[in-house]
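Trainee: Supplied in structure tokens, the structure appears directly below.
The values are calculated or read from the model by the stated rules, or taken from the named source; none is laboratory data. Source: prediction; values computed, not measured. Cβ placement follows ideal geometry from the backbone for every residue including glycine, while neighbour counts extend to all protein chains displayed. Just so you know, the surface numbers come from the protein's heavy atoms only, side chains and all, with ligands and any DNA or RNA stripped out. Shrake-Rupley method; radii C 1.70, N 1.55, O 1.52, S 1.80 Å.
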Amino acid sequence: MSRPIEDYALIGDRHTAALVGTDGSIDWLCVPRFDSPACFAALLGDEGNGRWQLCPVGDYEVSRAYVENSAALQTTFTTDSGVVTLLDVMPTGDDRIDLVRRVTGVRGTVRMRHEWIVRFDYGTARPWVRRRHEDSDEPAITAVVGPDKLVLRGPRLPEAQGDRHVDEFDVRDGEILTFSTTWIPSHFRTPGPHRALVDETIHEDVTWVARLDLSGVPHADVVRRSLLTLHLMTHDDTGGIVAAPTTSLPEDFGGERNWDYRYCWLRDAALTIASLIEAGATEEARFWRDWLLRAVAGDPADLQIMYAVDGSRRLPELTLDQLPGYAGSRPVRIGNGAVDQRQTDVVGEVMLALEAARESELGQTEDAWNLQRVLIDHLAETWEDRDNGLWEIRGPRRHFTHSRVMVWAAFDRAVKAVEGHNLEGDVGRWREVRDQVRDEVMSKGFDADRNTFTQHYETHEVDSSLLMLPLVGFVEGDDPRMLGTIAAIEQDLLRDGLLLRYRTQTGVDGLSGDEHPFLACSFWLVSAYAGAGRLDDAHALFDRLCGLTNDLGLLSEEYDGAHHRMVGNFPQAFSHLTLVQAAFTLRAAAD
């Protein structure tokens, strides 16, 4: 049985991240980067695919929390004979990939089990494992396959038992045992013991969070954790933010809707910039903007919707047939075939983000405006083409209404930039296209009989992405057409009080199976309610959504309300981004 997704916690060092279960098992870790192959992959299989576990022998009770406003996780195990804590930290600031685990005896004596099973290349490559001394008087265990090496250190090391290393030991009141696993390239000499920067790492996180302006924001503790989670999922060197640190956690248990989200979507980067600016973290927003400008640089015809963490373009989609998948959900995928899709809306998202930067302390840069001009001039030639839409539809390309509205938003922001900031550009042409797009959406993307905007021009179906229309200024939130759209979405897409993206039964996405409510859509509904003047409904829904986070404040991509469980990749940047946006919308509505 796969452990419930909500039972996991996220730790990381802003180069990569690990998932830690309530049983003290690290079941997912990719090294050295978010989008590198995993060395612990039990998440998508079983313990034989690699994990690192520290937990009591026998029965125990568990509680856990992050230390202050940091990414350091403290798990408390309570047994009949005593209490121990397990502190998990991935230290920052030392140019190393280390995972530090500190066991502390709190009361009595607790018998602990230590299990270290390394499987490189997504849980499929068994390493050559040796116990040795290198540059240190302390012994270490090294595991090597191909380009990768892991080094395990600690006051006592587990012994080989078949295909794994295992140990059992007693921890008494006041005892502290610190273990570490370090990744290095296999051709490097094994480094010395880690200089555990645990306190410094916690202080760094707490200091970062303290700079955020969350005054007047509802559920500020949840918003704070969301922003820190986004910070943790941002590569410290490049500035790229991954959509999630995991791949192939299913949208449909046992089905094929399993995708690799360990890459950087332009949309997520753009939304992050806007959210950070509103939170007062303008320097961090500059970091994200710089990544965005580098990633998009070049011929606008070559624009992709996503990139690798370092901005690399090739992300071929492969299946790992040797992995059974989470809860038997296959195939397990690495890479993402949607990289080659046309998603016209991303230009609008980029323009909105760079507008937010321009209106903030970041201001306008020559490079940023030159990029925007090139994107807009190219869009003026291609805007009429069909696309795959926001949801990366793998069926036929269509004229998706949300995409058309984001085209309008792109030209609208370009026009306003010229008019409001005396920037150079073909504003006459841009204004003409903007108005043409608006007229087209109103005539082809609106169902007058039902008084609702539609998913695309050839259907009467609705789509939750339509809730974005007032958020980008296409219509007012209380416009009768928007009120009708909200009503249609409530009627067609609510399941257990949460919103689906669209009705999969129509076959529009070209995939089999179903999916669960998509959390970002419900956060959009919060904002739509606020814009429509339904503030009580907005706060009630936001309260419920914040209550769906796990005990650590984390959210997955989707939620199964019938069985009260998280679904999809975890934690999901898009869910946390839209949570933050909804919170800021409610703050603005209260002013």
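Trainee: Specify the residue that is farthest from the chain's Cα centre (by Cα); the eligible residues are those in segment 568-591 that are outside any helix (DSSP H, G or I) and within 30 Å of Arg330 (Cα to Cα).
Mentor: Start the filter on segment 568-591 by keeping residues that are outside any helix (DSSP H, G or I), which leaves 568-572, 591.
Retained after the next criterion (residues that are within 30 Å of Arg330 (Cα to Cα)): 568-572.
Values: Gly568: 11, Asn569: 8, Phe570: 7, Pro571: 5, Gln572: 3 Å.
My answer is Gly568.
Trainee: Tell me, which residue of segment 179-206 that is polar (S, T, N, Q) and more than 26 Å from Met233 (Cβ to Cβ) is most open to solvent (accessible area, probe 1.4 Å)?
Mentor: Ser186
Trainee: Filter segment 275-286 for residues that are closer than 20 Å to Asn370 by Cβ and either without any contact (Cβ under 8 Å) to a residue 40 or more places away in the chain or crowded, with 22+ Cβ neighbours inside 10 Å (or both) and give the result. Outline the logic, then answer.
Mentor: Step one: list which residues in segment 275-286 are closer than 20 Å to Asn370 by Cβ, which gives 285-286.
Within segment 275-286, Ala285 is the sole residue that qualifies.
Trainee: Out of all the residues in segment 428-471, which are among the small types (Gly, Ala, Ser) and not in a loop (DSSP other than H, G, I, E, B)?
Mentor: Within segment 428-471, Gly428, Ser443, Ser464, Ser465 meet the criteria.
Trainee: Picking from Thr104, Thr92, Thr75, Thr85, which residue would you name as being outside any strand (DSSP E or B) and of a type in the set (Ser, Thr, Tyr)?
Mentor: Values: Thr104 fails: outside any strand (DSSP E or B); Thr75 fails: outside any strand (DSSP E or B); Thr85 fails: outside any strand (DSSP E or B).
Of the residues listed, the single one that is outside any strand (DSSP E or B) and of a type in the set (Ser, Thr, Tyr) is Thr92.
Trainee: Does at least one position in segment 459-476 carry a residue that is within 27 Å of the chain's Cα centre (by Cα) and open to solvent by 40 Å² or more (accessible area, probe 1.4 Å)?
Mentor: Yes.
Trainee: Tell me, yes or no, whether segment 19-30 has at least one residue that is farther than 17 Å from Pro245 by Cα, small (Gly, Ala, Ser) and open to solvent by 20 Å² or more (accessible area, probe 1.4 Å).
Mentor: Checked segment 19-30: no residue is farther than 17 Å from Pro245 by Cα, small (Gly, Ala, Ser) and open to solvent by 20 Å² or more (accessible area, probe 1.4 Å).
Trainee: Being surrounded by fewer than 19 Cβ atoms within 10 Å (Cβ to Cβ), in contact with a strand residue (DSSP E or B) (Cβ under 6 Å, 6 or more places away or on another chain), outside any helix (DSSP H, G or I) and of a type in the set (D, E, K, R): is that true of Asp213 here? Before you say what the answer is, go through the steps one by one.
Mentor: Working: surrounded by fewer than 19 Cβ atoms within 10 Å (Cβ to Cβ): yes; in contact with a strand residue (DSSP E or B) (Cβ under 6 Å, 6 or more places away or on another chain): no; outside any helix (DSSP H, G or I): yes; of a type in the set (D, E, K, R): yes.
Considered against the rule, which asks whether it is surrounded by fewer than 19 Cβ atoms within 10 Å (Cβ to Cβ), in contact with a strand residue (DSSP E or B) (Cβ under 6 Å, 6 or more places away or on another chain), outside any helix (DSSP H, G or I) and of a type in the set (D, E, K, R), Asp213 comes out as no.
Trainee: Which residues, counting only those in segment 394-416, are among the small types (Gly, Ala, Ser) and either at pLDDT below 95 or surrounded by fewer than 24 Cβ atoms within 10 Å (Cβ to Cβ) (or both)?
Mentor: Gly395
Trainee: Shifting gears a bit: Which members of segment 112-134 meet the condition of being free of Cβ contacts under 8 Å to residues at least 60 places away in the same chain and either crowded, with 22+ Cβ neighbours inside 10 Å or over 30 Å from Arg333 (Cα atoms) (or both)?
Mentor: Met112, Arg130, Arg131, Arg132, His133, Glu134
Trainee: Please go through segment 156-173 and give me each residue that is in contact (Cβ under 8 Å) with a residue 12 or more places away in the chain, under 26 Å from Asn49 (Cα atoms) and not in a strand (DSSP E or B), ordered by number.
Mentor: Arg156, Leu157, Pro158, Asp163
Trainee: Every residue in segment 348-360 that is more than 15 Å from Arg404 (Cα to Cα), in contact (Cβ under 8 Å) with a residue 60 or more places away in the chain, assigned to a helix (DSSP H, G or I) and open to solvent by 20 Å² or more (accessible area, probe 1.4 Å), please.
Mentor: Result: Glu355, Ala356.
Trainee: I'd like to know if segment 135-152 contains one or more residues that are touching a residue at least 24 places away in the same chain (Cβ under 8 Å), crowded, with 19+ Cβ neighbours inside 10 Å and outside any strand (DSSP E or B).
Mentor: no
Trainee: Take the conditions of a type in the set (Asp, Glu), in contact (Cβ under 8 Å) with a residue 40 or more places away in the chain and either farther than 30 Å from Gly568 by Cβ or open to solvent by 20 Å² or more (accessible area, probe 1.4 Å) (or both) and apply them to Asp345. Does it pass?
Mentor: No; evaluated as a whole, the condition is false for this residue.
Trainee: Taking the options Asp199, Asp173, Asp237, name whichever one is acidic (Asp, Glu) and modelled with pLDDT of 95 or more.
Mentor: Testing whether each residue is acidic (Asp, Glu) and modelled with pLDDT of 95 or more leaves just Asp173.
Trainee: Can you pull out the residues in segment 301-336 that are surrounded by 18 or more Cβ atoms within 10 Å (Cβ to Cβ), under 25 Å from Ala356 (Cβ atoms) and not hydrophobic (A, V, I, L, M, F, W, C)?
Mentor: If the condition is that a residue be surrounded by 18 or more Cβ atoms within 10 Å (Cβ to Cβ), under 25 Å from Ala356 (Cβ atoms) and not hydrophobic (A, V, I, L, M, F, W, C), then Gln304, Tyr307 are the ones that fit.
Trainee: Moving on to the next point. Please go through segment 174-206 and pick out each residue that is in a strand (DSSP E or B) and among the aromatic types (Phe, Trp, Tyr).
Mentor: Once the filter is applied, which keeps residues that are in a strand (DSSP E or B) and among the aromatic types (Phe, Trp, Tyr), segment 174-206 yields Phe179, Trp183.
Trainee: Is segment 307-320 home to any residue that is hydrophobic (A, V, I, L, M, F, W, C) and under 24 Å from Gln364 (Cβ atoms)?
Mentor: No: segment 307-320 contains no residue that is hydrophobic (A, V, I, L, M, F, W, C) and under 24 Å from Gln364 (Cβ atoms).
Trainee: Let me ask something additional. What do you reckon, is Ala72 in contact with a Ser or Thr (Cβ under 9 Å, 6 or more places away or on another chain) and small (Gly, Ala, Ser)?
Mentor: In short, yes.
Trainee: Give the number of residues within segment 1-14 that are more than 23 Å from Phe253 (Cβ to Cβ) and touching a Lys or Arg at 6+ places or on another chain (Cβ under 6 Å).
Mentor: 0
Trainee: Can you confirm whether segment 361-370 contains a residue that is open to solvent by less than 10 Å² (accessible area, probe 1.4 Å), part of a helix (DSSP H, G or I) and at pLDDT below 95? Full working, then the answer.
Mentor: Of all residues in segment 361-370, those open to solvent by less than 10 Å² (accessible area, probe 1.4 Å) come to 368.
Of the ones still in play, those that are also part of a helix (DSSP H, G or I) are 368.
After this cut, where a residue has to be at pLDDT below 95 as well, the list is 368.
Yes; the residues of segment 361-370 include at least one that is open to solvent by less than 10 Å² (accessible area, probe 1.4 Å), part of a helix (DSSP H, G or I) and at pLDDT below 95.
Trainee: Which residues, taken from segment 124-137, are modelled with pLDDT under 95 and closer than 23 Å to Ser248 by Cβ?
Mentor: Result: Thr124, single match.
To keep it simple, each residue is scored yes or no on (1) among the acidic types (Asp, Glu); (2) more than 22 Å from the chain's Cα centre (by Cα).
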residue: Gly348; (1), (2): no, no
residue: Met351; (1), (2): no, no
residue: Asp367; (1), (2): yes, yes
residue: Trp383; (1), (2): no, yes
residue: Asp387; (1), (2): yes, yes
residue: Glu392; (1), (2): yes, no
residue: Trp408; (1), (2): no, yes
residue: Trp430; (1), (2): no, yes
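Trainee: Something else about it: Which count do you get for residues in segment 495-540 that are buried (at least 20 other Cβ atoms within 10 Å of the Cβ) and in a helix (DSSP H, G or I)?
Mentor: 14
Trainee: I'm told Arg503 meets every condition in (1) farther than 14 Å from Asp463 by Cβ; (2) free of Cβ contacts under 8 Å to residues at least 60 places away in the same chain except one. Can you identify the failing condition by its number?
Mentor: (1)
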